[in-house]
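The values are calculated or read from the model by the stated rules, or taken from the named source; none is laboratory data. All values derive from a computational prediction rather than experimental measurement. Cβ sites come from the backbone with ideal geometry, for glycine too, and all protein chains shown count toward neighbours. In case anyone asks, the SASA skips ligands and DNA or RNA and just uses the protein heavy atoms, side chains included. Shrake-Rupley method; radii C 1.70, N 1.55, O 1.52, S 1.80 Å.
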Amino acid sequence: MPEARGATLEVDNVTLAFGGLKVLRGVSFAAQAGSVTALIGPNGAGKTSMFNCISGFYRPSAGTVRLDGQDISRVKASSRAALGMARSFQNIALFRGMTVLDNIKLGRHAHLRTNLLQGLLHLGPAAREEEALRAEIERKIIDFLEIDHIRNKPVAMLSYGLQKRVELARALAMQPRILLLDEPVAGMNREETEDMARFILDVKDEWGVTILMVEHDMGLVMDISDHVAVLNFGAKIAEGRPEEVQNDPHVAEAYLGSGDPAALMRRLHAEESAA
Amino acid sequence: MSDDLLFFTEVTLAGLGSGALLALTALSFVLIYKATRVINLAVGETLMLGGYLFLAFAAGMGLPVWAALPLAIAGGGVLGAIVERGLIRPMLGKSPISVFMVTVGLGSVLVGLVEMLWGTDPRTLPGFIANTPVFIGEAYVSRKIVVAFIAAALVIGVFLALFRFWRGGVALRATASDQAAAYSCGINVPGVFSIAWIIGCATAAGTGVLLGAIGGISPSMGIFGLSALVVVIVGGLDSILGALIGGLGLGLIQAWTGSYLGGEYQSVVTFGLLIVTLVIRPYGLFGTHEIERL
Amino acid sequence: MIIGTAKETYRADEALLTTRPQQVWMAVLLAGLAVLPFTFNAYWTYLACLVLINVIAATGLNVLTGFTGLVSLGHAAFMAIGAYTVAWLERDIGTPLLLNLLAGGLLAAGIGVIVGLPSLRVKGLYLAIATIAASFILHFVFVEWTAVTGGSAGISLQPGTVFGVALVDYTQLYWLIMPICVLMVTGAANLFRNRIGRAFIAIRDRDISAEVLGIPILRYKLMSFALASFYAGVAGGLWAYFFRVVTPESFPLLTSIFLLAAVIVGGMGTILGGVIGALFMTLVPELLRFGVELLGPVIPNAGLILSPVRTIVFGALIVGFLVFEPQGLTEIVQRIRRFFRLWPFRT
Ligand SMILES: Nc1ncnc2c1ncn2[C@@H]1O[C@H](COP(=O)(O)OP(=O)(O)OP(=O)(O)O)[C@@H](O)[C@H]1O
Ligand SMILES: [Mg+2]
C-alpha cells in the first residue's frame with residue numbers, strides 16, 4: 001500500500017553541545033526519498049544524538065533539519081509525528097504496562113481526532129475511529145510483522161527481539177514517511193536479524209518509506225543500505241555507497257585506529273561469527 | 001534604638017531561633033534522603049513523638065531532664081531503625097512516590113498512637129529552661145529560643161564535622177553519590193541506610209523536645225514537618241547547605257510575615273515560596289539536577 | 001483468539017466489558033445500586049451517598065495519579081472549589097442545581113489547569129509537594145475571601161431542588177448522586193478505550209519518549225489535571241448538597257491523603273481500583289465504629305479510643321497495602337476470581 005510516499009530528509013550543518021562537550025560538529029547529510037540510509041560510527045560518535053536532533057528531542061545549537069525541503073528545526077517534537085516522522089529507540093522505549101496492541105495503537109495518536117469529550121462518551125466518532133484503527137492495524141501491521149500471536153500480551157513479557165519488532169510496529173502505525181531506526185538489530189540473534197532485515201526492506205519497497213538507521217552490524221548495513229554516512233567524534237568523516245565507505249581508510253581508522261580496511265573487515269566478520 | 005528597629009530585631013531573633021529548629025528538622029530530611037532517596041514525611045510525627053517521649057520520661061516517670069532527653073532521642077533512633085528495616089528496606093526499588101506514601105501512612109499511625117496514649121489535648125513539657133528572658137543588646141528574646149538556637153547550632157556543627165571526617169560520614173556521602181560504586185568499594189550500604197534513618201529520626205525526636213519546650217506539644221504538631229519540607233525543597237533535597245540556609249531563611253520569613261502581615265499570611269507566603277522555587281529551580285537552590293536521556 | 005482477517009470487525013473486542021462474567025457482574029452491580037435505597041435504612045443510604053461521592057473524587061484522582069502518573073496531594077482543594085462554587089451559586093445567584101454542579105466542576109478544572117502548570121517542569125514527588133502547597137494557598141483564599149466564601153464560618157445551603165423535587169432526605173440525595181457517579185465512572189472507563197487514555201498511560205510510563213511519538217505532553221498533563229479536578233469539583237458540589245454547609249475546614253489535607261490512599265488501596269491505574277478503594281476506605285471507619293461499640297462493655301471508655309484507632313488503621317492500611325499488596329484490592333479480587341474459576345478441580 002504505497003499510499004504515503006517517502007520523504008527526503010536533509011540535515012545541514014547540525015551542531016550540538018552539552019556544556020563544553022561537542023557532541024555534533026556541523027554534520028550534514030541527506031536521506032533520499034524511498035531509500036535506506038545508514039548512519040554508522042563507533043560508540044559515542046553522536047549517532048543517537050543526531051537522531052534526537054532530527055526528532056526534535058534535542059535542539060541543535062546551529063544547523064537545520066529539513067523534511068521535503070521544509071525547515072522543521074523549530075517544529076516541536078510532538079508535532080513532527082504528524083509530519084510523518086517516526087522512530088524507534090536504542091534502549092527500547094515501549095510502554096511496558098500496556099499490551100502490544102495498545103502500544104501499536106499509541107503510534108497513531110497524532111493522526112487521530114478524538115477529543116476529550118468524545119473520549120469520555122466513546123460513542124459515534126470515537127468508537128468508529130477506534131474500530132477503523134484496530135482493523136487497519138490488524139490488516140496492515142500485525143499480519144505484516146507476524147506478531148498476531150502476541151497482540152494481547154503485555155510487552156514486558158516479550159523477548160528482546162520481539163520487543164524490537166513491536167517498536168517497529170508502533171513506528172509503522174505512525175504512518176511514517178520517514179522512519180528512524182536506532183540499532184534495530186542490536187542484541188538479536190542471526191535469525192531475528194534476518195527477519196528484521198527483511199521487514200526493513202519490505203517497509204521500504206511496499207510502503208515506500210524512507211529509512212534512516214543507526215546500526216553497528218556491518219553485515220546488515222552493507223546488505224540493505226543504499227547510502228552510508230559515517231560519524232566519528234561528532235563529525236562526519238565519510239559518506240557514500242556502502243562499498244565506497246567500506247574501503248575508505250578514514251573509516252577503518254575510526255573503527256580500529258589503523259588505516260587498513262582489510263583489518264576492519266576481518267574484525268567485523270570475527271564479531272559477526274562470535275555473535 | 002528606635003522602637004520600630006527594636007521590634008524588628010526582636011522578631012528577627014525569634015525568627016532565627018525557629019529557623020534553627022527548621023534547619024535541624026530539614027537536616028533530618030536531607031540525611032535520610034541523601035542515603036536512601038526517601039522523602040520521609042513522617043519526620044514531623046517523629047518530632048512529635050520525641051516530645052511525647054520526653055513528657056513520658058520526665059513527667060510520667062519523673063526522670064531528671066539529663067536522663068529524659070537522651071532517652072527521648074534514643075526513642076526516635078529506635079523508631080528510625082524499626083521503620084528502616086521493617087518498611088523502607090522492603091520498598092527498595094519501588095517508585096519514590098510509593099515510599100513517600102508509606103511515610104505518610106506511618107505518620108498517621110504515629111499520630112493515632114500518641115492520641116491513644118496521651119489524648120488529643122495539648123500538653124506542656126516540664127520546664128527545663130528558665131523563663132527569664134535574655135537581652136541581646138536591648139532586644140528581648142525568650143531564653144528557650146536562645147537555648148534552642150544554640151543547641152541546634154551545636155548539633156548541626158557536630159553533623160557537619162562527622163559528615164566530613166567520620167568514616168560513617170564518608171560512607172554516607174559515597175552512598176549518596178553512587179550506590180553501586182559504594183557497594184563495590186566494600187561499603188556496607190544497607191548499614192548506611194540504617195544509620196541514616198537512626199540518626200535522622202533521633203535528630204527529629206530531639207528537635208521535638210526543643211520545639212515542645214518552647215510551644216508545648218500536641219498530636220498535631222507534626223505540621224511543623226511540612227514547613228521543614230518546604231525548606232528542603234527550596235534548599236535542595238540533597239543539600240546540607242541548602243537545609244541550613246533554607247531553614248534560617250524560612251524561619252526569618254515566617255517571623256516577619258507573622259509579625260508584619262499577620263499570622264494568617266504565614267502559610268501562603270511559605271507555600272507560595274515553595275511553588276515559585278519549584279517553577280524557577282525545580283531542584284532547589286543547592287540541589288543537584290538529574291538529567292534524563294532517551 | 002481473533003484471527004486477523006480483513007473482514008472481521010473488532011467491535012466486541014473493543015467493548016468495555018468483553019467477557020460474559022464481566023457483563024453479568026455489572027448487571028448485578030447496577031441492579032444493586034437501583035434497589036439499595038429500598039432495601040436499606042437511612043443510615044446505610046447515607047453511607048452509600050458518601051461512598052459514591054468519594055468514588056467520583058477518587059476516580060478523578062485515579063485518572064491523574066494512577067493513569068497519568070502525576071501524583072496530587074491537593075485533590076481535596078478541588079472538591080472545595082466545587083463545593084464553594086455550588087454554595088455560592090445557590091446562595092447568591094439561584095441557578096439550577098445541575099448547572100451549579102457543572103459550574104463547580106468546570107471552575108475546579110480551570111484552577112486544576114493552573115495548579116498543573118508546574119508539571120511542565122517538576123515531576124514525581126516535587127509535583128506532589130507543589131499540589132500540597134497549592135491546596136494550602138487555596139485554603140487561605142477560602143478563609144480570607146469572606147464576601148464569597150463566608151470566611152471561617154463558611155456557607156450554609158438550603159436543600160437543593162432538581163426538577164421541582166427538594167433534596168431533603170438521603171434517599172432523594174441518593175437518586176441525584178448515584179446516577180451522576182455511574183455516568184462519571186463510565187466516562188472515565190471509556191477514556192481508556194481511545195487515544196486520550198492511551199496518551200495518559202504513555203505519559204505515565206515513559207514521559208519523554210511519548211513526546212517523540214507525537215503526544216504533546218504538557219497539553220495532556222494539563223488535560224489530566226483538568227479532568228481530575230472536574231471530577232473532584234463535581235464530587236465537592238454533591239458534597240455541598242449533601243452536608244449543606246461548606247467551610248474552609250471541610251476539605252483538609254487529610255481528605256487529599258484519604259483520596260490518594262483510596263486509589264492506592266484499591267489499585268492504581270484501574271478504574272475498578274478507584275471504585276473499590278473509595279468504597280473500602282469509606283466503610284472501614286464505620287466498621288471500626290461497630291467494632292468499638294461491640295467492645296464497649298469490655299473496654300472502659302471505648303468511645304474515646306475510636307478516633308485514634310481510626311487514625312492508626314487509616315495509616316496502617318496505606319502502609320500495609322504499599323508494602324505487601326502494592327497492586328491493591330483489585331489484585332486480591334483477581335486472585336479470588338482465579339481461585340474460584342479453577343476451584344473444584346485445582347487449587
Ligand atoms: N543528554 C546528554 N548530556 C550530556 N552528554 C550527552 C547527552 N547525550 C549524549 N551525550 C554524549 O554525547 C556523546 C554521543 O552520544 P550518543 O549517544 O549520541 O552516541 P552514539 O553514537 O549513539 O553511541 P552508541 O553507539 O554507543 O549508541 C557521548 O559522549 C555521550 O556521553
Ligand atoms: Mg546510540
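Please go through the range B:83-160 and write out the GluC sites (Glu not before Pro) that DSSP classes as loop and that have at most 13 other C-beta atoms within 10 Å.
B:138
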Interface buried area B-C, accessible surface with 1.4 Å probe, both sides summed, nearest 100 Å², comes to 3500 Å²
Computed over the protein assembly as shown, protein heavy atoms only, probe 1.4 angstrom, the accessible area per residue in square angstrom equals 42 Å²
Relative contact order in percent for chain A (Cα pairs under 8 Å, 6+ apart) equals 28 percent
For A:207, B:66, the accessible-area ranking with a 1.4 Å probe, largest leading, is B:66, A:207
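If the limit is 28 Å between Cα atoms, which of A:76/A:236; A:204/A:236; A:22/A:105 go over it?
Listed pairs above 28 Å: A:22/A:105.
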In chain B, whole DSSP H helices that both stretch 20 Å or further along their axis by alpha carbon positions and average at least 0.5 on the Kyte-Doolittle scale are B:3-36, B:65-83, B:96-118, B:143-165, B:189-215, B:240-256, B:265-280
Projected onto the charge dipole of the protein assembly as shown (unit charges on the beta-carbon of Lys, Arg, Asp and Glu, signs +1, +1, -1, -1), the Cα from C:105, C:163, A:127 with the largest positive-side position is that of C:163
Rounded to the nearest 10 Å², the 1.4 Å probe accessible area of residue C:121 is 120 Å²
The aspartates and glutamates whose Cα lies under 15 Å from the Cα of residue B:34, excluding any fewer than 8 residues away in the same chain, are B:84, B:178, B:238, B:290
Taking C:221, A:204 and ranking on accessible area (1.4 Å, protein atoms only), highest first, one gets A:204, C:221
Nearest-0.05 FRET efficiency for residue C:316 and residue A:223 at R0 = 45 Å, using Cβ-Cβ distance, is 0.15
Looking at the range A:67-106, residues buried by 50 Å² or more relative to their chain on its own, accessible surface at probe 1.4 Å, turn out to be A:78, A:89, A:95, A:98, A:106
Counting only protein heavy atoms with a 1.4 Å probe and every protein chain in place, the carbon and sulfur fraction of the accessible surface of chain B in whole percent equals 68 percent
With every protein chain in place, the accessible area of residue B:289 for a 1.4 Å probe, in Å² rounded to the nearest 10, comes to 120 Å²
Each label sits 7 Å from Cα toward the beta-carbon; between residue A:21 and residue A:241 the label points are separated, in nm, by 3.8 nm
Simple SL model, points at 7 angstrom along Cα→Cβ for residue B:6 and residue C:254; separation in nm is 4.4 nm
Checking the range B:125-208 for chymotrypsin sites (Phe, Trp or Tyr not before Pro) in a loop per DSSP with at most 16 other beta-carbon atoms within 10 Å yields B:128, B:166
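Hey, what did the range B:3-220 get for relative contact order, percent, Cα under 8 Å, at least 6 apart?
Dividing the mean separation by the residue count of the range B:3-220 yields 43 percent.
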Reported to the nearest 10 Å², residue A:222 has, with a 1.4 Å probe, an accessible area equal to 50 Å²
With a 1.4 angstrom probe the carbon and sulfur portion of accessible area for the range C:40-342, in percent, totals 70 percent
About its Cα centre, the protein assembly as shown carries a charge dipole, from +1 on Lys and Arg Cβ atoms and -1 on Asp and Glu Cβ atoms, whose size in debye to the nearest 20 is 900 debye
In the range A:77-169, the trypsin sites (Lys or Arg not before Pro) that sit in a DSSP loop and have at most 16 other Cβ atoms within 10 Å of their own Cβ are A:96, A:113
On protein heavy atoms with a 1.4 Å probe, the accessible surface that disappears when A meets B, both sides summed and given to 100 Å², is 300 Å²
Residue A:206 and residue B:66 label points (each 7 Å along its Cα→Cβ direction) are spaced in nm at 8.8 nm
FRET efficiency (residue A:128, residue B:37; Cβ distance; R0 35 Å; to 0.05) is 0.15
Relative contact order of chain C (C-alpha contacts under 8 Å, at least 6 apart) in percent is 29 percent
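Looking at the square roots a ≥ b ≥ c of the eigenvalues of the Cα gyration tensor of the protein assembly as shown, which shape do they give, rounded for a/c under 1.5, prolate if a/b is larger than b/c, or oblate?
The shape class here is oblate.
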By the Cα gyration tensor axes a ≥ b ≥ c (a/c under 1.5 gives rounded; else a/b larger than b/c gives prolate, otherwise oblate), the shape of chain C is rounded
Interface A-C: total buried accessible area (1.4 Å probe, Å², nearest 100) of 3500 Å²
